[in-house]
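What follows is one structure encoded as structure tokens, with my remarks underneath.
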Amino acid sequence: MTGASTVASPEGLADVPAVAIENLGKRFGGVVAVSDVTFALSDETITGLIGPNGAGKTTLLNLITGYLKPTSGSIAIKGKTVTGWLPHAVAGMGVARTYQNILLLDSETVATNILIGCHGALQRRRLVTRAKEWRSRPGRDVVERLLTVLNLREVAKDEVAQLPYGMRRRVEIARALAASPSLLILDEPTAGMTRDESDEIGRLVQQVRDAGTTVLLVEHNVRLVRAICDEVLVLQWGNIIARDSAERVWDDPVVRTAYLGDMEGQESETGPAKQEGGTTNAGA
Amino acid sequence: MFDWLNPYTQLVAAGILVNALLVLSLFVVFQCGVLSLATIGFMADGAYTSSLLATKQHWPTVPAIAAGAVVAAVLAYIFGRLVLHLRGIYLALGTFALGQVFVLGIANFTWTGGPGGIVGIPVDITLAELVFVVLAVGVVFQLVHLSFVGRALRAIRLDERVAAGAGINVARYRTLAFTASGFLAGLAGGFEAFQTGVISPDQYSFVLLVQILALAMIAGSYLWAGSVLTAIAIGVAQQYIGTTDALAEGLLYGGLLVVVMILVPNGITDPRLLRRLTFRRLRPHRGPSSPPTSEASPSGASPLVIK
Amino acid sequence: MLQQTVNGIALGATYSLLGLGVTLIWGVLRVLNFAYSQFIVWGAFGTLIAIENHVPTVFAVLIGMAVAGVVAVFVDMTVMQFMRRRGTSEFALVVATIGVYYILSSVAQDRSKSQIETFPIGGFPHGSVDIGSTSLPSLQLLSLVISVAVMIVLGYWLNRTRLGRATRTVAYSAPTAELLGVNSRAIFALAVFVSGCLAALAGIFNAADSSTLSYSDGDQLLVVAFAVIVLGGMGSVKGAVIGGLALGLVQVYTTLYVSGVFSNAITYLLIVGVLIVRPNGLFGVREEARV
């Protein structure tokens, strides 16, 4: 199940993974953020990417989505090499993402923020189609659906800057979904959410996967990772130190020392999550 | 159509509409977050191209003005691709220098008439034609504003990273806006030349840039109509106040620029400002915890706070 | 040829002074200040008025520097300080300085009735000094000596003294500096005052060189200052001096080999060209965008 072997067969479309990364490395000056990462994501799965703070998770996401240029290695999306592409071009390949420190157009309404996510789809349509859709306001259907799905209807016309944190996260997820991506990348989508809210997001992500989207999920909430991920990648110091199913990965002694050992030193936000992870074991 | 106005009023009105076109040329780039100071340079390009075509090649007025606008747009496209990858201050500086290169170039070649400029340009633009052009430009702006293109441009201004992540080709849209800006400035330059009949390089001065910039910043970068109305309102007000000497003009425009930047840095058409003015409803607490920072820090605010 | 090189260096010395002033406010305050053009003019006018009132030239120069310094601090304390406290964008700050420029410029224009005034140079060094086969006007030699001195003092101040370290801390992050007990407001004021003084000095040398003074002299010198910091990299003291000298040489050679009328256009072309090729200047460091 290593990435290298799956990339080698581009002709069989079914074999082409949503993302295949080979020997990816990124250095900031002398600091190695991602050292030599190779993996591929199977289609229509949820893969959790976990690791202690500073392990290089967000850097890895920024490399995949084109916000950073890798120092070495290559990235392929659906069999097409996208190494060094700009973010908009990567997005054009059907990749949508959220950001760790929530990026929204603060002075715009919730509906407009979601509409921005539809841009790629609208842009690709022919001019004639666009002209025909002029009066029907293209993209509105998508926005309407997402407002319902993410329970944002009553704030649709509100400025996002005024919304509470959890809601802002949901707007970001809605914007990513508006692009109907084939690869959805979520960077700590449930940070700062209540337990009920994060469970809801978990169910939503599962629905998204079932509808045919591959999901890459960076998450500190261990309970959620156990509950929804098909597979888990563990990143430490810019290296993948383990890859296994969501249940078994915790048994790996390397992971225990590297990741769980580190978590005791973290702030209260992730502390309870770990305990919850233990208690809701059966549920997962 | 406007025969009932006396010739002087017509001339003033035409000047105001030319200013409105220039303000729109800044609006179109400000809209996507590009602080371009090259507008006056493109205005000079448009004015000189159309005037030279009319006086030396005897082109009719309308094709000459159109050609001037197109030449300015082409120059904007070519140089825009070179400077638009710059950020913030560097972009302002790059576009400023770019605009000045055009004006100085024109002043220093002999075939452009040098510092003396060009005389004898046919004065045959009517006010009605100018009004028609401004309205037509307005219609295009409104269509763009409503379309996904307008939304993309605004998204780029508000957060480039978000725009790029949503598949918006930031570089392409910025180049598009810069080209449109060149076109409008060239158009304004052409109309001005055929209004006054005389042009010279020194009229494309830094002072003119400052005046247009003041109008554009007051209007803000959200509604195109705001730009046009601001240009008209201040132009008319200036007529009534009768400010013609340099000191009064300097204090008026300079003061306005400073005061507006302090009080409403996003201009008077800032949607947030309008929302706050139109319905000041007290909103109940929604959700578990309203983040404490939402009131204190407006979007785009720098974290630099000096106590 | 050698003579032209010497002339270029002498011209570049004044340019270095300009660049040092702009780079100081850029480095500390992160503001591209269009009003700087008027600090140059107001400083020179201050000196002119002092000389007209029979103040000895040396003191007149000091008065001019003080005038520009005080105007610069006043603008910073009022408009800039206010905008910084409200967290206004870079964009708005630049535009506000353009507004301030226009106000100051129209006051200066009104004072001189839109005319070019004669700048009395009786008290300035005249004649020239022969060095080998070349001769250098004493005035330009003086400006060269002063720029080098200013560069050394500025470099020493920023790198070796306690106050200089405080300044660099404020430049890095004002809130952090505050936490460390540095009075960032006082540092801002000091940096702005010094930069105003340098602007005035450059303006005075420029006026003494041509023995005329116009309210619009600052515009061209501002562009020169911008070109210098673009060449040298914004915020770099060493870069400002090297950039100034390089620009002086380029202008002199352009006048010599191409044409005198293009020496201004070449300044703008340099700005555009260097920005396109090396956006952070020849001595700047490249920053990578992060999400």
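Quick grid of which residues meet (1) within 12 Å of chain B (Cβ to nearest Cβ); (2) under 15 Å from residue A:94 (Cα atoms); (3) among the aliphatic types (A, V, I, L, M):
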residue: A:171; (1), (2), (3): yes, no, yes
residue: A:176; (1), (2), (3): yes, yes, yes
residue: A:182; (1), (2), (3): no, yes, no
residue: A:188; (1), (2), (3): no, no, no
residue: A:193; (1), (2), (3): yes, no, yes
residue: A:200; (1), (2), (3): no, no, no
residue: A:205; (1), (2), (3): no, no, yes
residue: A:214; (1), (2), (3): no, yes, no
residue: A:222; (1), (2), (3): no, no, yes
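Only a single item in (1) of a type in the set (D, E, K, R); (2) assigned to a strand (DSSP E or B); (3) at pLDDT 90 or above is not met by residue A:243, and it is number (3).
So that you can scan it fast, the table gives a plain yes or no per residue for (1) in contact with a helix residue (DSSP H, G or I) (Cβ under 7 Å, 6 or more places away or on another chain); (2) crowded, with 20+ Cβ neighbours inside 10 Å; (3) more than 20 Å from residue A:41 (Cα to Cα):
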residue: A:184; (1), (2), (3): yes, yes, no
residue: A:192; (1), (2), (3): yes, no, yes
residue: A:202; (1), (2), (3): yes, yes, no
residue: A:212; (1), (2), (3): no, no, no
residue: A:215; (1), (2), (3): yes, yes, no
residue: A:218; (1), (2), (3): yes, yes, no
residue: A:225; (1), (2), (3): no, yes, no
residue: A:229; (1), (2), (3): no, yes, no
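In the stretch A:98-121, of all residues being within 7 Å of another protein chain (Cβ to nearest Cβ) and in contact with a Gly (Cβ under 6 Å, 6 or more places away or on another chain), the one that is modelled with the lowest pLDDT corresponds to A:120. None of C:84, C:111 is over 22 Å from residue B:211 (Cα atoms) and either in contact with a Phe, Trp or Tyr (Cβ under 8 Å, 6 or more places away or on another chain) or crowded, with 16+ Cβ neighbours inside 10 Å (or both) except C:84. Selection of first residues in the stretch C:113-141 that are under 11 Å from residue C:6 (Cβ atoms) and of second residues that are small (Gly, Ala, Ser) and assigned to a loop (DSSP other than H, G, I, E, B), restricted to Cβ pairs under 9 Å at least 6 apart or on distinct chains, gives the following pairs, ordered by first then second residue: C:137/C:127. With the condition kept exactly as written, say whether any residue in the stretch B:183-196 is farther than 28 Å from residue B:120 by Cβ and surrounded by 21 or more Cβ atoms within 10 Å (Cβ to Cβ). No, the conditions are met nowhere in the stretch B:183-196.
Of the residues making up the stretch C:103-144, those that are within 14 Å of another protein chain (Cβ to nearest Cβ) and not in a helix (DSSP H, G or I) number 4. Residue-level check: of (1) modelled with pLDDT under 95; (2) surrounded by fewer than 24 Cβ atoms within 10 Å (Cβ to Cβ), residue B:179 misses just (1). With a requirement of 1 or more residues that are touching a Pro at 6+ places or on another chain (Cβ under 9 Å), the helices (runs of 4 or more DSSP H) lying completely within the stretch B:185-281 that satisfy it span B:206-219, B:271-278. Each residue in the stretch B:36-92 was checked for being over 18 Å from the mean Cα position of the chain (by Cα), at pLDDT below 95 and among the aromatic types (Phe, Trp, Tyr), and 2 of them qualify.
Which residue out of C:94, C:100, C:79, C:67 is within 21 Å of the chain's Cα centre (by Cα) and more than 10 Å from chain B (Cβ to nearest Cβ)?
Matching residue, one of C:94, C:100, C:79, C:67: C:67.
Candidates C:38, C:81: the one that is modelled with pLDDT under 90 and under 24 Å from residue C:225 (Cα atoms) is C:81. Scoring residue B:152 on the criteria (1) under 23 Å from residue B:93 (Cβ atoms); (2) touching a Phe, Trp or Tyr at 6+ places or on another chain (Cβ under 7 Å) leaves a single failure, condition (1). Just a yes or no: is a residue in the stretch B:234-254 closer than 23 Å to residue C:88 by Cα, within 14 Å of another protein chain (Cβ to nearest Cβ) and in contact (Cβ under 8 Å) with a residue 40 or more places away in the chain? Within the stretch B:234-254, one or more residues are closer than 23 Å to residue C:88 by Cα, within 14 Å of another protein chain (Cβ to nearest Cβ) and in contact (Cβ under 8 Å) with a residue 40 or more places away in the chain. Identify all residues within the stretch C:145-166 that are loosely packed, with under 14 Cβ neighbours inside 10 Å and either in a loop (DSSP other than H, G, I, E, B) or within 21 Å of the chain's Cα centre (by Cα) (or both); write none if there are none. Result: C:145, C:148, C:149, C:152, C:153, C:156, C:159, C:161. Within the stretch B:133-154, residues that are within 13 Å of chain A (Cβ to nearest Cβ) have Cβ atoms under 8 Å from residues that are among the β-branched types (Val, Ile, Thr) and in a helix (DSSP H, G or I) in these pairs: B:150/B:144; B:151/A:112; B:151/A:116; B:152/A:116; B:153/B:144, counting only partners at least 6 apart in sequence or on another chain.
With the requirement that a residue be within 14 Å of chain C (Cβ to nearest Cβ) and in contact (Cβ under 8 Å) with a residue 24 or more places away in the chain, what does the stretch B:57-78 give you? Scanning the stretch B:57-78 gives B:75, B:76. Name every residue in the stretch A:220-234 that is touching an Asp or Glu at 6+ places or on another chain (Cβ under 8 Å) and among the β-branched types (Val, Ile, Thr), in order of residue number. Result: A:222, A:225, A:232, A:234.
The values are calculated or read from the model by the stated rules, or taken from the named source; none is laboratory data. In this text the structure is predicted, and so the values were computed from the model without any measurement. Note that we place each Cβ from the backbone using ideal geometry, even for glycine, and neighbour counts take in every protein chain shown.
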